[in-house]
1. Of everything in region 31-52, what is part of a helix (DSSP H, G or I), modelled with pLDDT under 70 and surrounded by fewer than 12 Cβ atoms within 10 Å (Cβ to Cβ)? Give them in sequence order.
2. Residue under question is residue 160, and the condition is that it be under 21 Å from residue 87 (Cβ atoms) and of a type outside the set (A, V, I, L, M); does it hold?
3. Answer yes or no as to whether residue 55 is assigned to a helix (DSSP H, G or I), over 30 Å from residue 148 (Cβ atoms) and at pLDDT 85 or above.
4. Take the conditions over 19 Å from the mean Cα position of the chain (by Cα) and modelled with pLDDT of 80 or more and apply them to residue 67. Does it pass?
5. Scan 166, 120, 153, 179 and give me the residue that is of a type in the set (Gly, Ala, Ser), touching an Asp or Glu at 6+ places or on another chain (Cβ under 8 Å) and at negative phi.
6. Give the residue, chosen from 166, 179, that is closer than 20 Å to residue 89 by Cβ, among the aliphatic types (A, V, I, L, M) and over 17 Å from the mean Cα position of the chain (by Cα).
7. Any chance you could count how many residues in region 190-210 are modelled with pLDDT under 95, of a type in the set (S, T, N, Q) and over 17 Å from residue 155 (Cβ atoms)?
8. Just to be sure I understand the filter: pairs with C-beta atoms under 6 Å, separated by 6 or more residues or on different chains, first member in region 165-187 and farther than 16 Å from residue 212 by Cβ, second member of a type in the set (Val, Ile, Thr) and surrounded by 19 or more Cβ atoms within 10 Å (Cβ to Cβ). Which pairs pass?
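The values are calculated or read from the model by the stated rules, or taken from the named source; none is laboratory data. Note that the structure is a prediction, hence the values are computed from the model and not measured. Cβ atoms come from the backbone with ideal geometry, glycine included; neighbour counts cover every protein chain shown.
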Amino acid sequence: MIRKYIGFLVLLLLVCATASAHHDENVYKENGSGVLEYQSQNQEKHKRDYQMRRDSIDALLSQYQNIGIEKDLVQDAENLKQDVLVLTRLGEYEASLQHFAKARSIIDPAYRLIKQAIIAARNGEELIMSLNFATPKDEYDYYLQKIDSQRRAIGIFMPQIASERARKTIARILNEANAEYDRAQSLVSKADYAQALPLMDRVLNKLRSGLMMVVNQ
């Protein structure tokens, strides 16, 4: 059985993806005569590159799901699919804004994740990605980063949700997560990491469930 602890990597990628404000498509926007034509050609290239990578991801994911059936890794394949879905949906959002270069940079890690999973599955290896922390504060800081990335991703997808019922459910999840987050902050102010870290883990799990609900709308 392949064990995959890749959620943390996806979250780190979300931090980079949602924090970046640089778009290659705009580099040549106001550089003089002839520039708009070049920009249009550049944009078309970014669009083609994005779509080719997106098609490759779909093909590889299908391949990995077939391997999952053959090697009794169906649950692993489903877990990976959910992680990849977060990145591809973020990529689709940027592509809808004509930010094709950024969209490609967001989905590239999904492509690498699937390739790594396929190689590991074929070789009968365990795919293990984990973190070790020197101090409880380091672990707490890491949770802060993961939680922030989840919130950012949810914020990106929320405006796209049409169902009022879904919006209320996600709002409830966020309120519950925020309440436990505040409790954790209070404990950390007293240097009580032993009780704060389990709370931070619960906050993260709630936000993960909220994000997946948003992504699957």
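1. 37
2. Yes.
3. In short, yes.
4. When the stated conditions are applied, residue 67 passes them.
5. Unique residue meeting the criteria: 120.
6. Checking each option against the conditions leaves just 166.
7. Selection size over region 190-210: 1.
8. 180/203; 181/203
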